[in-house]
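Derivation of every value follows stated rules applied to the coordinates shown; laboratory data play no part. A quick note: this is a predicted structure, and the numbers were derived from the prediction, not measured. Neighbour counts run over all protein chains shown; Cβ positions are idealised from the backbone, glycine included.
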Amino acid sequence: MKLYTKLTFATVALLLSTTLLFATEQSPRDVLNKAYDYIGSMDKYAFKAVVIDNITTEDGTVGTLRHDATVKVDRPGKLRVDVKGDTRDRSNYLNNGVYTMMDHGFGYYGQIKIPETIDEGLDYIFEKYGIRAPLAQLIYSNTHKRVKFIKSKHFGTMMVDGIECHYIAFSNVLRDVHVWISKGDKPLVKNYSIIDRTGGFEHRIDTSLYWDVNAKISDSDFIFTAPKGAEKISVQSAN
């Protein structure tokens, strides 16, 4: 990604543990909260995400996977996420208390009953079935209450796709998160990177986002119709 030609993650890791690069009026938490408050205030919106998953193993080998996601949100109870890429080809529907996951590659789908709101429905799925979903932070209506970190920095602003963005970063013991958020009265997350070291080696996920806050969304977008030949399977809890 072209952002990293200007500032390497090794440099950023050093800066997180030392001094602030630029003096700023807004704290990283203020910038992040403003963005999440804005996202949470929208009743209907859509975005596309390009997710690059970079894994560096102990022997230094780097593997890269790409997935493209399309997300549609209609609060309080409707969500659709379509993901297609190197390892997944799936569609996910939350529709007023029913969650459906369709795996197009294997030709099967499963359905379960969940709480009716998006926030509670996602919590139920994640906790009961052990699903990970990095894009969820851009879907919850109250993400600002969910984000916890030990250290934070504001590195000033950078241009991302011709848009001036705050560049902020957060860290805890095993994870660094770097976020680029557009300035102005419509603060949106343009890019973010998660550097995870929980597996004993570096695992970085880079995500670029393309928002449509005036998306044309209809009820039919969230109605699942099984494709011809698809098989329904039972779904068992991971806990």
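The packing ranking, built from the mean of other Cβ atoms within 10 Å per residue, places the peptides 173-186, 92-105 in the order 92-105, 173-186, highest first. Computed from label points 7 Å out along Cα-Cβ, the spacing between Glu164 and Phe149 is 2.2 nm.
Rounded to the nearest 500, the helix-only mean residue ellipticity at 222 nm of the chain stands at -4500 deg cm²/dmol, with each DSSP H run of n ≥ 4 adding -39,500 (n - 2.57). Look at the dipole of the chain built from charges on Cβ: of Met42, Ala69, Ala133, the Cα furthest out on the positive end belongs to Met42.
Dipole magnitude for the chain: about 180 debye, using +1 per Lys or Arg Cβ and -1 per Asp or Glu Cβ, origin at the Cα centre. Here the spin labels are modelled as points 7 Å beyond Cα on the Cα-Cβ line, and at Ser237 and Thr56 they lie 4.0 nm apart. For segment 22-221, the relative contact order is 24 percent, taking Cα pairs closer than 8 Å that sit 6 or more residues apart in sequence and dividing their mean separation by the residue count. Full extension of the segment from Lys186 to Thr198, taken as 0.36 nm per residue of separation minus the current Cα-Cα distance, would add 0.9 nm.
State which entries of Lys84/Lys183; Lys48/Lys113; Lys34/Lys148 exceed 22 angstrom in Cα-Cα distance in the structure shown. Correct reply: Lys84/Lys183; Lys48/Lys113. The structure-derived value of P(r) over Cα pairs in 10 Å bins from 0, in percent appears in the list (1) 7, 29, 35, 22, 7, 1; (2) 8, 34, 38, 17, 3, 0; (3) 8, 27, 24, 17, 12, 8, 4, 1, 0 under the label (1).
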